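Visitor: Please read through the structure below; I'll follow up with questions.
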Amino acid sequence: MRITHLVGHAGLNGVATSSRMLIQAQLDAGHDVLLVHSRNSWIEHQKFDGPLEKMGSDFATTPAELRRVGYAARDWGVDVVHAHGSRGNKFGLVFRCAAGTPIVMTAHTRQFQLPWLFAHAVIAPSQQTADYYLSRRLVRRRNMHLVRHMFDVGSVVAATLTSRSAARAELGIKASSFVIGSVGEIDARKNQIEMVRVLKGLIGRGIDAEVLLIGEKRNMAGDAQWSAAVADPQIKGRLHLPGERQDATRLLHAMDVYLCTSKMEEGPIATLEAMATALPVLSADIGYSSALLRDGINGWIFPHGDVERMTETASMLARDAALRQSIGTAARQTIAERLAPQAIVPEIDRVYRLAIERAGKKLP
């Protein structure tokens, strides 16, 4: 099959990393791929093995740019277009209306936008995501398909005592500390203020704890709660903010436990990276985390805002290194068994073929 991916995101985030993993898995499965990417984007500079062609775009919705990209995909011989992100979705809408091109869109986030109505198929990574679009009548039920993000566990190295020590030394974190943390933009949606509250709870229980938040800080300077929390003398020197890092998966090794306190996620990819790193994960009930995590077996799921229970569980893990290891090992095994690319690619292929049929095109 000849697949054109429209990836409008420029930075390093879950959309970019999940798109990259999908493209490589499709190349491994024998598909041909044309990647249309934002210029000077993270995904543009990634290496792929297989018959991949790349094309830069500013995704400006002008007639000239729409024609340039659309004609290039047509002349290349595209069977189906897969759009990622709002800018890619807008291009997909135009291609569908102007040329009847088979269009598939992945709902990486929840957005009330017109293009969803025009997709021949929409992929939702979680039931929560699907319910959002179906309840707002943005997607027909027959066009909605629930397919989890894939994850190649071999792309992430499991943490060891040696890698843990090296990552901590680089970040200036004490070797003896109990470290919790996360990867992702630091903002109100990701809700990292709850991790600071967990930190305070751990300190109150006599645990020498620290927090590592890897990601760009966004719109938090004016947040009074955040400012007050990080200014608390009790956590001085215990909050580490190295910013956005291209090597975030390597720095995950500095953590003992990964926390996800987000208010809304569709995946999330960072949680999968943490599980693949063999870290115990404590997560709010968002995205498809509850479909993967089983309390006390390969992680824990908590209701939104239940800081007390999350703190109690983190405290238990802080005092039991063997339990941390067994939970982390089980988490990595879960990713390997349930999200292997070779299992997910056929599901995506099935969605593509349905989209091609709905567009009235000939199946490849």
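Visitor: What does the net charge come to around Lys263 if you take all other residues with beta carbon closer than 15 Å to its beta carbon, with K and R at +1 and D and E at -1?
Guide: Its environment carries a net charge of -3.
Visitor: Grab the other residues whose beta carbon is less than 15 angstrom from that of Ser126, score K and R as +1, D and E as -1, and report the net.
Guide: Neighbour charge sum, excluding Ser126 itself: -1.
Visitor: For Arg205, what residues show an amide H to amide H distance below 5 Å, using hydrogens built from the backbone and excluding near sequence neighbours?
Guide: none
Visitor: Additional query: For Lys190, list the lysines whose Cα falls under 29 Å from its own Cα; do not include residues on the same chain fewer than 8 positions away.
Guide: Cross-link targets: Lys90, Lys174, Lys200, Lys217, Lys236, Lys263.
Visitor: Can you work out the Karplus-derived ³J(HN,Hα) for every residue in the range 181-189? Use 6.51 cos²θ - 1.76 cosθ + 1.60 with θ = phi - 60°, whole Hz, and x for glycine or proline.
Guide: Each residue's phi maps through the Karplus curve to give x, 7, 10, x, 4, 8, 7, 5, 5 Hz.
Visitor: Roughly how much of Asp247 is accessible, in Å² to the nearest 10, using a 1.4 Å probe?
Guide: The accessible area of Asp247 comes to roughly 40 Å².
Visitor: Okay, moving on. With a 1.4 Å probe and all protein chains in place, put Tyr71, Tyr288 in order of accessible area, largest first. Spell out each step's value before the answer.
Guide: On the way: Tyr71 115, Tyr288 10 Å².
Result, largest first: Tyr71, Tyr288.
Visitor: For the chain, set up a Gaussian network in which alpha carbons nearer than 10 Å are linked by springs, and say which option among Val122, Val345, Val157 fluctuates the most.
Guide: Val157
Visitor: Which net charge results when you count Lys and Arg as +1 and Asp and Glu as -1 among the other residues whose beta-carbon is under 13 Å from that of Asp247?
Guide: Overall, the nearby charge balance is -1.
Visitor: Using modelled backbone amide H atoms (1.01 Å from N, in-plane), which distant-in-sequence or interchain residues come within less than 5 Å of Gln192's amide H?
Guide: Correct list: Asp187.
Visitor: Another question about this same structure. Would you grab the residues whose amide H sits under 5 Å from the one on Gly299? Only those 5+ places off in sequence or on another chain, please, with H modelled 1.01 Å from N.
Guide: For Gly299, whose amide H was placed from the backbone, the distant partners under 5 Å are Arg294.
Visitor: If you average the sequence gap of Cα pairs under 8 Å that are 6 or more apart and divide by the length of the range 282-361, what percent do you get for the contact order?
Guide: Computed over the range 282-361, the figure is 25 percent.
Visitor: In a Gaussian network model over the chain where Cα atoms closer than 10 Å are linked, find which of Thr313, Thr62, Thr160 has the largest mean-square fluctuation.
Guide: Maximum among the listed residues: Thr62.
Visitor: Want the number for Ala343 to Ile297: 0.36 nm per residue separation, take away the alpha-carbon distance, what's left?
Guide: Result: 14.3 nm gained on full extension.
Visitor: Okay, moving on. Could you sort Trp226, Trp76 by their accessible area in this structure, using a 1.4 Å probe and putting the largest first? The partial results should precede the final answer.
Guide: Values: Trp226 10, Trp76 35 Å².
Largest accessible area first, the residues go Trp76, Trp226.
Visitor: For Asp285 and Ala224, compute 0.36 nm times the residue count separating them, minus their Cα-Cα distance, and round to one decimal in nm.
Guide: Length gained between Asp285 and Ala224: 19.4 nm.
Visitor: Go through Glu194, Glu244 and list them by solvent-accessible area, largest first, probe radius 1.4 Å.
Guide: On the way: Glu194 25, Glu244 100 Å².
Largest to smallest exposure gives the sequence Glu244, Glu194.
Visitor: May I pose another question? Mind pulling the angle between the C-alpha long axis of helix 85-99 and the longest principal axis of the chain? Nearest 10 degrees, somewhere in 0 to 90.
Guide: Orientation of helix 85-99: about 10 degrees from the principal axis.
Visitor: Follow-up. I need the phi-derived Karplus couplings for the range 23-31: 6.51 cos²θ - 1.76 cosθ + 1.60, θ = phi - 60°, integer Hz, Gly and Pro marked x.
Guide: Per residue, the Karplus-derived 3J(HN,Hα) values read 4, 4, 5, 5, 4, 4, 7, x, 7 Hz.
Visitor: Please give the calculated 222 nm ellipticity per residue for the chain, where each DSSP H segment of at least 4 residues contributes -39500 (n - 2.57) and the sum is spread over every residue; nearest 500 deg cm²/dmol? Each step should come with its number before you reach the end.
Guide: Values: 13 runs with 148 residues, N = 364.
Helix contribution divided over all residues of the chain: -12500 deg cm²/dmol.
Visitor: Just to confirm my numbers, what's the Cα centroid distance between the range 292-360 and the range 150-207 in Å?
Guide: 18 Å
Visitor: Per residue of the range 162-174, what does 6.51 cos²θ - 1.76 cosθ + 1.60 with θ = phi - 60° give for ³J(HN,Hα)? Whole Hz please, x for Gly and Pro, Karplus curve as stated.
Guide: Taking θ as phi minus 60°, the curve returns 5, 5, 4, 5, 5, 5, 5, 4, 5, 8, x, 9, 4 Hz for the range 162-174.
The values are calculated or read from the model by the stated rules, or taken from the named source; none is laboratory data. The shown structure was predicted, so the numbers you read here are calculated from the model rather than taken from an experiment. Cβ coordinates were reconstructed from backbone atoms using ideal geometry, including for glycine residues, and neighbour counts include every protein chain displayed. Ligands, DNA and RNA are stripped out before the accessible areas are found, and what is left, the full protein with its side chains, is counted by its heavy atoms. Shrake-Rupley method; radii C 1.70, N 1.55, O 1.52, S 1.80 Å.
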